[in-house]
Amino acid sequence: MSMFRLKMIKQQRVGVLLLIVFIIALEIFLHKDKFIKKSSIIVNELPHSIKSQITEFGSSYPKDSLKFFDPNQYTSEDWQKIGFTKKQSDVILKYKEMLGGVFTSKEQIRKCFVISEEKYKELESYIQLPEKFRTNTAKQEIQNLQKNTYSLTLFDPNDYTLYDWVKIGFTKKQAEVILKYKGILGGKFTSKEQIKKCFVVSDDKYKELEAYIRLPEGESSIRKQLKSTLKNKIDLNKATYNDIYAILGDAVLAKRLISFRNGLGGFVSKNQLDDVYGITSRNKDSLLNAFVVKVENIKKINLNKATEDELQRNIYLRKYKNKIIELRLKGENPIKAISSSDSKYQWILQYLE
């Protein structure tokens with residue numbers, strides 16, 4: 001009798017447990033909308049910096065504009081054009097560098113963590129790479145390419161893949177170096193001179209390829225002509241855009257230097273060139289070999305008469321603008337507003353009347 005009672009008690013316990021599980025499952029099913037809503041609230045309450053990384057997508061683009069492409073040729077801007085953000089594009093390029101500077105299969109693209117499965121499926125059929133990199137097959141293919149004789153034709157080195165470079169006589173490692181070198185140059189060759197400077201391209205090899213490379217020789221004829229006119233050093237504060245471009249060979253940098261010069265009212269020291277964004281020590285040496293800095297040609301400013309706009313436009317004085325105006329209203333000398341501890345203090349004084 002006691003055994004029968006114990007058996008009944010166990011069955012009751014199992015029944016109660018099953019009933020509890022059923023009730024919990026039923027509650028979850030009936031209130032699933034609340035759980036989903038609550039999870040979305042949690043996401044919305046995340047810090048903006050994290051939330052933006054979760055929800056950040058690239059710019060929209062027409063899906064039918066996709067075309068076949070070699071990811072090894074793509075720059076950050078190219079990746080952005082097919083829907084990735086700048087951060088994601090930079091990650092893809094860094095990932096490629098970690099792989100040795102070249103993608104060898106679609107599988108590697110798929111494994112990049114910033115490329116979602118959905119995005120990969122969208123791009124997969126357009127990627128001009130094998131599905132997987134089979135070492136033995138690839139080695140054999142490259143060996144076969146190197147054994148075959150080749151005939152050169154006109155070519156743009158910016159369009160060449162690793163296999164294209166191998167086809168014209170380079171080893172796989174040399175081809176990888178060339179592609180990595182192109183990446184360091186900003187993802188594009190702009191002159192034959194750059195090809196010549198690549199250390200895996202011997203002088204003999206360059207002479208063989210030179211006539212077939214579809215790129216300008218080096219310095220453009222316009223730049224050479226401009227450079228030849230700068231026989232005597234002229235004042236950097238009076239140099240034109242063409243004068244500066246002739247030395248730097250970089251249109252963006254030349255415009256940036258002129259904009260900085262205008263914001264100062266002219267240079268009073270050669271060391272101010274260090275403050276121009278993008279100017280390297282080599283750029284600075286080139287500029288100082290071609291120009292001199294003449295202080296008498298700078299634009300000076302009268303703190304007692306300068307308008308608010310004039311103060312705002314001056315790179316050094318804009319941060320003191322409000323204090324200068326306040327001191328003038330009080331009838332005090334506005335030069336008191338400028339801190340002697342300012343690293344630019346000695347330069348600022350030279351701009352004051």
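Table: residues versus (1) of a type outside the set (D, E, K, R); (2) open to solvent by less than 40 Å² (accessible area, probe 1.4 Å); (3) touching a residue at least 24 places away in the same chain (Cβ under 8 Å); (4) in a helix (DSSP H, G or I).
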site: VAL268; (1), (2), (3), (4): yes, yes, yes, no
site: ARG282; (1), (2), (3), (4): no, no, no, yes
site: ILE315; (1), (2), (3), (4): yes, no, yes, no
site: ARG328; (1), (2), (3), (4): no, no, yes, yes
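Evaluating ILE142 against the criteria (1) out of contact with any helix residue (DSSP H, G or I) (no Cβ under 6 Å at 6 or more places or on another chain); (2) modelled with pLDDT under 85; (3) among the β-branched types (Val, Ile, Thr) leaves one unmet condition, (1).
Counting only residues that are part of a loop (DSSP other than H, G, I, E, B) and in contact with a Pro (Cβ under 7 Å, 6 or more places away or on another chain), which one in the range 89-127 is farthest from PRO71 (Cα to Cα)? Residue satisfying both the conditions and the ranking: SER105.
If only residues of the range 167-185 that are open to solvent by 40 Å² or more (accessible area, probe 1.4 Å) and of a type in the set (Lys, Arg) are counted, the one that is nearest to PHE103 (Cα to Cα) is LYS180. In this structure, ASP204 does not qualify as modelled with pLDDT of 75 or more, acidic (Asp, Glu) and within 23 Å of ARG256 (Cβ to Cβ). For the range 63-114, the tally of residues that are out of contact with any strand residue (DSSP E or B) (no Cβ under 7 Å at 6 or more places or on another chain), basic (Lys, Arg) and within 16 Å of ILE127 (Cα to Cα) stands at 6. Residue count for the range 80-98, restricted to those that are surrounded by 13 or more Cβ atoms within 10 Å (Cβ to Cβ), closer than 25 Å to LYS172 by Cβ and either touching a helix residue (DSSP H, G or I) at 6+ places or on another chain (Cβ under 6 Å) or not charged (D, E, K, R) (or both): 3.
The values are calculated or read from the model by the stated rules, or taken from the named source; none is laboratory data. For clarity, every value in this text was computed on a predicted model and none was experimentally measured. In this analysis, Cβ positions are derived from the backbone assuming ideal geometry, glycine residues included, and neighbour counts consider all displayed protein chains. In case anyone asks, the SASA skips ligands and DNA or RNA and just uses the protein heavy atoms, side chains included. Shrake-Rupley method; radii C 1.70, N 1.55, O 1.52, S 1.80 Å.
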